[in-house]
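The values are calculated or read from the model by the stated rules, or taken from the named source; none is laboratory data. Bear in mind that the values here come from a model prediction, so they are computed numbers and not experimental data. For neighbour counting, all protein chains shown are included, and Cβ atoms are generated from backbone atoms with ideal geometry for every residue, glycine included. Just so you know, the surface numbers come from the protein's heavy atoms only, side chains and all, with ligands and any DNA or RNA stripped out. Shrake-Rupley method; radii C 1.70, N 1.55, O 1.52, S 1.80 Å.
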Amino acid sequence: MPLVNSPANPSHAVPAKIGSVVVFINRTKTDSQRIAVALKAFLDRKKIRQEWVETLPPQRNLFRKMGDLRESKADMVIAVGGDGTLLQAAHRFRGSPVPILGVNIGYLGFITSVTSEGIRRQLSRVLNGDFVVSERTAIEVLISGEKKAVAGWALNDAIITRGSNPHMISVNASIGKRRLTKYRCDGLIIATPTGSTAYSLAAGGPIISPECSVLTVTPICPQALTNRSVVIDSTEPIEIRLDRASGPAELQVDGMRIAKLENTHTITVKTASAPVPIAFLPEINYYDVLAEKLQWRGDGLSKPKYGHS
Ligand SMILES: NC(=O)c1ccc[n+]([C@@H]2O[C@H](COP(=O)([O-])OP(=O)(O)OC[C@H]3O[C@@H](n4cnc5c(N)ncnc54)[C@H](O)[C@@H]3O)[C@@H](O)[C@H]2O)c1
Ligand SMILES: Nc1ncnc2c1ncn2[C@@H]1O[C@H](COP(=O)(O)OP(=O)(O)OP(=O)(O)O)[C@@H](O)[C@H]1O
């Protein structure tokens, strides 16, 4: 089972054949019941040991309530939902070498691999070891400056945002020990390459090929219109502080709120020691996924709908 990238971290042993799985399922999806019944019957037929776990709904302190599945001895996690489902699975298995395979029954499914239409055929191949693992950079976040430090983790992004505060926030950022700048903005996104196609992209950040060892720092609606996204080496820690004059802000990781921020806090973001192993079918080409999911045309064949007469 080859690795897609040449990871800085040593590859882990994944059995050539999958004998046991955790199925992590988002039951709020329209098609989830039908898919669950079909998937269970299929896995039973293949004599695959299964543990079924459901996603948790959005709620206060979700980040801390997710429960830890790191000790699972399964050979693979099958996350059935959309990108949010795969993100929640990654949180619950963080640090674990068990690869996560996304089955898309959601809308975008950017980081998923298997489609609901092809589920039996594609899963048969995966169970026989016909898949690759992409080792995805994750980040760790630490808020210090209060009595008790708060720690977070993300596969996509850490976001310092004004939240419900109607005023702009002022954020001082430094990279390594070097000052970057002070942003006056709605927020600041620190994204991994995986997260580069999520909020960061919507805020004007670059798309980063998923196995690059970099992080991006992207302001949300900066008042200085010349502020742009910065791509930095993933070994460099990022330090962020709210300016003394800034209004309140909060910190979110992968779309979950983890703490309110004060200007006495220092937020440190650095690459996590263990990457997240995500399983893909070998023929999946990241750039095709980009073109398809982001609806790029570029074929020059389609005429504009309202051409000149
Ligand atoms: N304006 C925005 O684009 C915006 C705003 C808030 C949060 N987000 C993103 O939502 C993520 C959390 O996801 P969720 O599903 O829990 O929230 P959600 O339900 O708000 O969904 C956010 C959307 O982002 C997509 N998405 C998530 N990860 C992606 C990735 N790596 N590449 C491409 N698209 C991706 C999802 O498919 C979904 O359509 C956060 O990490 C953040 O990046 C985006
Ligand atoms: N048990 C649950 N009850 C209610 N809502 C849930 C539950 N589990 C997850 N959710 C919601 O589903 C969302 C995740 O759905 P999903 O996996 O489809 O991601 P998505 O971000 O909508 O991705 P996509 O665009 O690929 O469909 C979460 O943001 C959360 O709001």
| task | Taking the options SER229, SER213, SER234, name whichever one is more than 16 Å from ligand 2 (Cβ to nearest atom), closer than 13 Å to THR137 by Cβ, open to solvent by 20 Å² or more (accessible area, probe 1.4 Å) and at pLDDT 95 or above. | result | SER213
| message | Take ARG121 and tell me if it is in contact with a Phe, Trp or Tyr (Cβ under 9 Å, 6 or more places away or on another chain) and either more than 30 Å from LYS270 (Cα to Cα) or surrounded by 13 or more Cβ atoms within 10 Å (Cβ to Cβ) (or both). | response | no
| request: Mind telling me which of the residues ILE208, ILE238 ends up being more than 28 Å from GLY145 (Cα to Cα) and not small (Gly, Ala, Ser)? | output: ILE208
| query | How many residues, within the stretch 189-227, are touching a Pro at 6+ places or on another chain (Cβ under 8 Å) and more than 26 Å from ILE278 (Cβ to Cβ)? | reply | 1
| request: Working carefully through the options THR264, THR268, THR181, find the one that is open to solvent by 10 Å² or more (accessible area, probe 1.4 Å), modelled with pLDDT under 95 and either aliphatic (A, V, I, L, M) or away from ligand 1 (no atom under 16 Å from the Cβ) (or both). | output: THR264
| task | State the number of residues belonging to the stretch 63-76 that are in contact with a Leu (Cβ under 7 Å, 6 or more places away or on another chain) and either crowded, with 22+ Cβ neighbours inside 10 Å or modelled with pLDDT of 95 or more (or both). | result | 1
| Lone unmet requirement of (1) more than 22 Å from PRO222 (Cβ to Cβ); (2) assigned to a strand (DSSP E or B) for TYR183 | (1)
| remark: Sole miss for GLN33 among (1) within 12 Å of ligand 1 (Cβ to nearest atom); (2) surrounded by fewer than 14 Cβ atoms within 10 Å (Cβ to Cβ); (3) not aromatic (Phe, Trp, Tyr) is condition (1)
